[in-house]
Amino acid sequence: HYREKSMIVRHILDSKGRDVATIAPTASVQDAIQALGSRRVGALVVSDAGKAILGIISERDVVKLIAGSGVGALDQPVSAHMTARVVTCALDDTIQSVMERMTAGRFRHMPVSVDDKLAGIVSIGDVVKGRLDEMAQESQALRQYITN
Ligand code: AMP
């Protein structure tokens, strides 16, 4: 009988690590741009010292602000331009379900929440890589199953 365990968020974090680029809500959008550039990421989780997830700010939010208000608005606080209602995932969520929620919500980042605290993040790139690895394993297992 052919059966395989689905890949879950925990597996992605085990291979890529649990470090997350964060920023304080009181920091300026200019600070956020610096952090996006130096950390080479597309989004920052807005968080406090206690690791609560207060929001998320991505390069898209920055572009929207500049397009609407110009670069003079970059000294405004992150809290004014972040998305406050963050969709998070759990360690045991399948990457399939994360992919579906990213597609439905039109965003490319999902913080991982454990006991309401930030425990990692997965990006659409991580999820696509995980899914490709999973499909390669699946076809390998199926090939073995039919040749044995
Ligand atoms: P992104 O695709 O990650 O650049 O984000 C696109 C938009 O969705 C931006 O306005 C983000 O603030 C927002 N966003 C990103 N990730 C999430 C998430 N996990 N939950 C809710 N909103 C998000």
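The table for this structure:
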| quantity | calculated |
| --- | --- |
| Where labels lie 7 Å past Cα in the beta-carbon direction, separation of SER97 and ASP48 in nm | 2.9 nm |
| Cα gyration tensor, the chain - rounded (a/c under 1.5), prolate or oblate | prolate |
| Spacing of the two label points (7 Å from each Cα toward its C-beta) at GLN34 and ILE66, in nm | 1.7 nm |
| Helix-only mean residue ellipticity at 222 nm for the chain, each DSSP H run of n ≥ 4 adding -39500 (n - 2.57), per residue, nearest 500 | -14000 deg cm²/dmol |
| Heavy-atom SASA rank of GLU138, GLU59, GLU100 (probe 1.4 Å, accessible area, largest first) | GLU100, GLU59, GLU138 |
| The stretch 56-137, accessible surface, carbon-and-sulfur percent (1.4 angstrom probe) | 55 percent |
| Angle in degrees between helix 59-69 and the longest Cα principal axis of the chain, rounded to the nearest 10 | 30 degrees |
| In Hz, Karplus ³J(HN,Hα) per residue of the stretch 111-125 (6.51, -1.76, 1.60; θ = phi - 60°; x = Gly, Pro) | x, 9, 10, 10, 6, 6, 10, 5, 10, x, 8, 10, 9, 4, x |
| In the chain, lysine pairs closer than 20 Å at Cα, eight or more apart or cross-chain | 6 |
| Stretchable slack from SER79 to ASP133, in nm (0.36 nm times residue separation minus alpha-carbon distance) | 15.7 nm |
| In Å², nearest 10: area of MET135 left accessible to a 1.4 Å probe | 80 Å² |
| Positive-end residue of GLN144, GLN76, ILE95, charge dipole of the chain with Cβ unit charges | GLN144 |
| 1.4 Å probe accessible area per residue over the stretch 23-148, in Å² | 58 Å² |
| Amide H partners (placed H, <5 Å) of VAL46, local residues excluded | ILE23, LEU54, GLY55, ILE56, ILE57 |
| Formal net charge of residues neighbouring ALA73 (Cβ-Cβ distance under 12 Å; K, R +1; D, E -1) | -1 |
| With Cα atoms, 0 to 90° folded angle of helix 29-39 axis to the chain main axis | 40 degrees |
| Amide H contacts of SER28 (H built 1.01 Å from N, under 5 Å, at least 5 apart or other chain) | VAL78 |
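The values are calculated or read from the model by the stated rules, or taken from the named source; none is laboratory data. What you see is a predicted model; the values in this text were computed from it and never measured. A quick note on method: Cβ atoms are made from the backbone with ideal geometry, for glycine too, and the neighbour counts reach across all protein chains shown. We work out accessible area using only protein heavy atoms, side chains counted, and drop any ligands, DNA or RNA first. Shrake-Rupley method; radii C 1.70, N 1.55, O 1.52, S 1.80 Å.
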